[in-house]
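Participant: The structure's right below; bear with me while I get my questions together.
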Amino acid sequence: MDDKRKKAIMKNSNLKDLLGVIVAFLAVFLLLSVLPQTSSKFLTTTNLFNVARQITVNIILACGLTMAIIVGGIDLSVGSIIAVAGCLTSGLLTNNGMSVGISILAGLLSGVLLGAFNGTVIAGTTIPPFITTLGTMYIGRGIARLYTDCKTILVDDKIFAYIGKGQIFGFIPIQIIYIVIICLFAWLILNRTQFGRHIYAIGDNEQAAVYTGINVKKTKFLVYTLTGFFAATAGILTAARTGSGLFSAGEGYEMDAIAAVVLGGTSMTGGVGRLSGSIIGAMIIGILSNGMNLMGFNSSWQYVVKGVVLLLAVLLDYFRKREANV
């Protein structure tokens with residue numbers, strides 16, 4: 001098969017996968033719009049803006065995790081990085097009297113360093129990304145607890161509060177701006193840079209990527225460093241929105257983000273995935289959670305529903321791959 005034909009098939013396959021997640025999103029959206037328990041509340045401007053605020057963190061995490069999963073790995077530490085970055089930023093503001101700018105930079109740096117640690121271990125050893133990032137997850141969670149002494153750090157700063165709860169034109173949540181900027185940044189990396197092409201190549205066939213001269217170790221290191229940066233950004237925005245640094249912030253967030261990425265068509269075996277699919281996947285998870293809250297679902301049932309959605313997404317990925325190999 002010539003290269004042009006192969007690229008055309010891959011492009012059509014990607015479009016088909018994206019169409020599937022779009023249909024799933026529209027189906028959930030329409031269902032919540034017509035159900036008697038949710039129809040009067042779901043489509044209100046207030047509720048939709050609340051959904052936008054709530055899914056911001058998951059979309060940001062999905063941007064980093066899309067890269068990590070496409071390259072053939074995973075990152076379980078993003079939830080604890082949220083806690084570390086949020087607590088450090090809040091602590092520097094409240095306890096040390098630092099400026100907002102310096103505090104945010106320190107918070108971002110903490111995420112970058114933890115991500116770089118993941119990248120160094122994963123790129124430099126044969127330790128699986130699952131184990132490495134699981135260890136970092138515990139380390140980060142411990143750091144957040146030690147730094148805060150297991151107490152909430154309250155922040156009383158108008159600039160920081162505006163970063164998390166501000167509105168544009170008096171009614172549009174500022175989180176929408178963050179989503180646009182961060183998603184555009186991640187999309188440009190994956191689709192318009194040589195680095196992005198290397199991510200796909202390594203995930204598709206790491207050995208072949210080595211033979212073509214791609215610096216696999218450097219690429220993996222940068223992927224996990226970027227994932228840490230995205231997680232730290234999410235952590236700072238979480239702290240700004242709640243007005244506090246909470247040592248338990250981000251618990252379970254990695255699962256929602258992984259579910260969003262897989263639901264969006266990114267293969268857990270690497271090499272295949274689209275950022276746009278991950279974003280739509282995060283939106284599906286967000287409106288599902290919102291819909292269940294509007295219907296008064298017990299929080300325990302919400303975990304069950306999310307688990308079923310994740311398993312269905314993985315099964316679809318399995319059957320797609322099996323069909324492609326036939």
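The values are calculated or read from the model by the stated rules, or taken from the named source; none is laboratory data. No experiment lies behind these values; they were computed from the predicted model shown. Here Cβ is always computed from backbone atoms with ideal geometry, including for glycine, and neighbour counts include all displayed protein chains. Side chains are part of the model used for accessible areas, which takes the heavy atoms of the whole protein and leaves out ligands, DNA and RNA. Shrake-Rupley method; radii C 1.70, N 1.55, O 1.52, S 1.80 Å.
Participant: Sum up the charges of everything whose Cβ sits under 15 Å from the Cβ of P128, counting Lys and Arg as +1 and Asp and Glu as -1, but leave P128 out.
Facilitator: Computed value for this residue: -1.
Participant: So what is log10(I(q)/I(0)) for the chain at q = 0.09, 0.15 1/Å, when the Debye sum runs over its Cα atoms only?
Facilitator: Ignoring solvent entirely, the Cα scatterers give -0.47, -1.26.
Participant: Roughly speaking, to the nearest percent, how much of the chain's 1.4 Å accessible area is carbon and sulfur?
Facilitator: Result for the chain: 66 percent of the exposed heavy-atom area is carbon or sulfur.
Participant: In addition: For T126 and L315, calculate 0.36 nm times their separation in residues minus their Cα-Cα distance, and state this gained length in nm to one decimal.
Facilitator: Using 0.36 nm per residue and subtracting the Cα-Cα distance, I get 65.3 nm.
Participant: Then there's this: For the range 49-54, just list the computed ³J(HN,Hα) in residue order, Karplus coefficients 6.51, -1.76 and 1.60, θ = phi - 60°, integers in Hz, with x standing in for Gly and Pro.
Facilitator: Rounded to whole hertz, the list is 5, 5, 4, 4, 5, 6.
Participant: How big is the convex hull of the Cα atoms of the range 236-279, per residue, in Å³?
Facilitator: 89
Participant: What translational diffusion coefficient, to the nearest whole µm²/s, does the range 85-194 have by Stokes-Einstein, given a Kirkwood radius computed over alpha-carbon pairs, a temperature of 20 °C and 1.002 mPa s viscosity?
Facilitator: For the chosen part, D equals 130 µm²/s.
Participant: Follow-up. Per DSSP H run of n ≥ 4, the term is -39500 (n - 2.57); total these for the chain, divide by its residue number, and report the mean residue ellipticity at 222 nm rounded to 500 deg cm²/dmol.
Facilitator: -26000 deg cm²/dmol
Participant: What is the local net charge at T219, summed over the other residues whose Cβ is closer than 12 Å to its Cβ (Lys, Arg +1; Asp, Glu -1)?
Facilitator: My count for the surroundings of T219 gives +3.
Participant: Name the long-range amide H neighbours of S244: under 5 Å, sequence gap of 5 or more, or other chain; modelled H, no Pro or chain starts.
Facilitator: Answer set, sorted by chain and number: V155.
Participant: Can you give me the Kirkwood hydrodynamic radius for the range 247-326, using every pair of distinct Cα atoms, in Å to one decimal?
Facilitator: With all distinct Cα pairs of the range 247-326 included, I get 13.5 Å.
Participant: I would also like to ask the following. Using θ = phi - 60° and the Karplus relation 6.51 cos²θ - 1.76 cosθ + 1.60, list the HN-Hα couplings for the range 196-204 in order, rounded to whole Hz, with x at every Gly or Pro.
Facilitator: Values per residue, Gly and Pro as x: x, 5, 5, 4, 5, 5, 5, x, 6 Hz.
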